[in-house]
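The values are calculated or read from the model by the stated rules, or taken from the named source; none is laboratory data. A quick note: this is a predicted structure, and the numbers were derived from the prediction, not measured. Cβ: placed from backbone, ideal geometry, glycine included. Neighbour counts: every protein chain shown.
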Amino acid sequence: MARQLFGSGGPFEDMYGYSRAVRVGQHVWVSGTCARDDALVQDAYAQAADALGTIERALGEAGASMADVVRTVAYVTDIRDLEKVAAAHRSAFGDVRPAATLVEVSRLADPHYLVEIQADAYIEER
C-alpha cells in the first residue's frame, strides 16, 4: 500500500521531520496538534478547538473526516483544563464519540501550548 504524507506548514514539521498526517490504505494518523497563531491564548477550550480544526483540515486532505476518527489522545499541561478540552472535543465530534484518552504532562513543545491532540481515523469503504 502506498504511504501518503500530508503537511500543514506547522513550525515543527520540518525541524522535527514529521508529517501532520499519514495515510496508508484506509488508515489515517494525525500527529499531535496544538493551537496556532491567534489561538495561542491562555484558554484551553480555544486552543483545543483550534487544534481540532487543524486536525479536521488534515483529515480532509487525506480523504477522511471527523466522522472517521476512531481514537484521540489529548495532552494537557493542567488537568484542571479537562472540562474545557472535553467540551471542545465533544463539540468537534458530536455523536462520533471516538475512543479517547486525556493525560496531564509537565509541558509541551512551546510554553504557550496548553493542549495537544492527536487523532487516528479509519475510512470505511463508501
Pairs returned, first residue in segment 49-65 that is within 16 Å of E116 (Cβ to Cβ), second residue that is modelled with pLDDT under 95 and assigned to a helix (DSSP H, G or I), beta-carbon separation under 6 angstrom, 6 or more apart or interchain, are D50/A39
I'd like to check which strands (runs of 3 or more DSSP E) are fully inside segment 1-83 and have at least 3 residues that are farther than 21 Å from V103 by Cα and not polar (S, T, N, Q).
3-6, 21-24
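Select from segment 35-75 the residues that are of a type in the set (V, I, T) and within 24 Å of S19 (Cβ to Cβ) and list them in ascending order.
Filtering segment 35-75 down to residues of a type in the set (V, I, T) leaves 41, 54-55, 69-70, 72-73.
The answer is T54, I55, V69, V70, T72, V73.
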Restricting the search to segment 4-18, which residues are loosely packed, with under 11 Cβ neighbours inside 10 Å and under 14 Å from T33 (Cα atoms)?
G9, Y16
Of the conditions (1) more than 23 Å from E125 (Cβ to Cβ); (2) out of contact with any Asp or Glu (no Cβ under 6 Å at 6 or more places or on another chain), A44 satisfies every one except a single condition; which number is it?
(2)
Could you please find all residues in segment 64-119 being hydrophobic (A, V, I, L, M, F, W, C), surrounded by 16 or more Cβ atoms within 10 Å (Cβ to Cβ) and within 16 Å of V41 (Cβ to Cβ)?
V76, V85, A88, L108, L114, V115
Working carefully through the options D78, D95, find the one that is over 15 Å from V28 (Cα atoms), in contact (Cβ under 8 Å) with a residue 12 or more places away in the chain and among the acidic types (D, E).
D78
Residue check, E56 against (1) surrounded by 23 or more Cβ atoms within 10 Å (Cβ to Cβ); (2) within 21 Å of E125 (Cα to Cα), all met but one. Which one?
(1)
